[in-house]
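Chemist: Take a look at the following structure, please.
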Amino acid sequence: MAGAGVAQAETVTVAALGDSLTAGYGLPDGQGFVPQLQAWLDAEGVDARIVNAGVSGDTTAGGLARLDWTLTPEVDALIVALGGNDLLRGLPPATSRANLDGILAGAGALPVLVIGLEAPGNYGPAFKAAFDAMYPELAAEYGALHETSFLGPLIAEVGVAEARARYMQGDGIHPNRDGVGVIVEALGPRVAELVAQVE
């Protein structure tokens, strides 16, 4: 049994703290972000286990409130992918930023990957500038890895209309299985980089 314990300890446990995009909203088991990311890491030979700490509807405040019980002793690294519901509710970027700051501070010495989002233009340029900037600025402040946009990979190769038709569920907000696959292909290498940071 001792040997099994040693083998277990070598697998890096990464908690993915997020909202419906992380939780796999609207998708059958095995098709959401976490299971597809796990499959990608397994295929690449990355010895990591992704824990789904995504809760549909969660804001940055919800993520901050759940941080303590998300960071169990076996968690070695953290993915933070929050802010979409703050946007949908039009919450002030300063509020979202303070919550993300609290999450990054609470992560302590754990390696962190911050996955941002880009605000739409309908809240005005000042809101967009403040919202979009909080992710790279906080990541830099805390020495975390940063990826610009969770949904960005969907429009990297095709236009918005085609991306919506090809990669999104009917609500136009959540990616379908193929969309998640595109996101995982783009974000997978950053998660592998995160895993490599664990001592």
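The values are calculated or read from the model by the stated rules, or taken from the named source; none is laboratory data. Computed from a prediction, not measured in an experiment: that's the story for all the values here. No Cβ is skipped: glycine too gets one built from the backbone with ideal geometry, and neighbour counts run over all protein chains shown. These accessible areas exclude ligands, DNA and RNA; they are computed on the full protein's heavy atoms, side chains included. Shrake-Rupley method; radii C 1.70, N 1.55, O 1.52, S 1.80 Å.
Chemist: If Ala129 satisfies all but one of (1) of a type outside the set (Phe, Trp, Tyr); (2) touching a residue at least 40 places away in the same chain (Cβ under 8 Å); (3) loosely packed, with under 14 Cβ neighbours inside 10 Å, what's the number of the condition it fails?
Modeler: (2)
The rows are residues; the columns are (1) under 15 Å from Leu194 (Cβ atoms); (2) surrounded by 15 or more Cβ atoms within 10 Å (Cβ to Cβ); (3) within 12 Å of the chain's Cα centre (by Cα); (4) touching a residue at least 12 places away in the same chain (Cβ under 8 Å).
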site	(1), (2), (3), (4)
Leu110	yes, yes, no, yes
Ile115	yes, yes, yes, yes
Ala119	no, yes, no, yes
Pro125	no, no, no, no
Ala156	no, no, no, yes
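Chemist: Now for a separate question. Are any of the residues in segment 75-85 over 17 Å from Val191 (Cα atoms), of a type outside the set (Gly, Ala, Ser) and either modelled with pLDDT of 95 or more or in contact with a strand residue (DSSP E or B) (Cβ under 8 Å, 6 or more places away or on another chain) (or both)?
Modeler: yes
Chemist: Residue check, Ser56 against (1) open to solvent by 50 Å² or more (accessible area, probe 1.4 Å); (2) in contact with a strand residue (DSSP E or B) (Cβ under 6 Å, 6 or more places away or on another chain); (3) without any contact (Cβ under 8 Å) to a residue 60 or more places away in the chain, all met but one. Which one?
Modeler: Here Ser56 meets the rest and fails (2).
Chemist: Sort out which residues of segment 43-53 are touching a strand residue (DSSP E or B) at 6+ places or on another chain (Cβ under 9 Å) and either modelled with pLDDT under 95 or under 12 Å from Val184 (Cβ atoms) (or both), and write them in order of number.
Modeler: Ile50, the sole residue that qualifies.
Chemist: Among the residues of segment 29-73, write down those that are among the hydroxyl-bearing types (Ser, Thr, Tyr) and touching a helix residue (DSSP H, G or I) at 6+ places or on another chain (Cβ under 6 Å).
Modeler: Ser56, Thr59, Thr60
Rundown of residues vs (1) among the small types (Gly, Ala, Ser); (2) open to solvent by less than 20 Å² (accessible area, probe 1.4 Å); (3) modelled with pLDDT of 95 or more, yes/no style:
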{"position": "Arg166", "(1), (2), (3)": "no, no, yes"}
{"position": "Asp171", "(1), (2), (3)": "no, no, no"}
{"position": "Val180", "(1), (2), (3)": "no, yes, yes"}
{"position": "Ala196", "(1), (2), (3)": "yes, no, yes"}
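Chemist: Taking the condition of being of a type outside the set (Phe, Trp, Tyr), within 19 Å of Leu87 (Cβ to Cβ) and in contact with a helix residue (DSSP H, G or I) (Cβ under 8 Å, 6 or more places away or on another chain), how many residues in segment 105-136 meet it?
Modeler: Count: 11.
Chemist: Does Ala161 qualify as being outside any loop (DSSP other than H, G, I, E, B), at pLDDT below 95, over 18 Å from Thr22 (Cα atoms) and open to solvent by 10 Å² or more (accessible area, probe 1.4 Å)?
Modeler: yes
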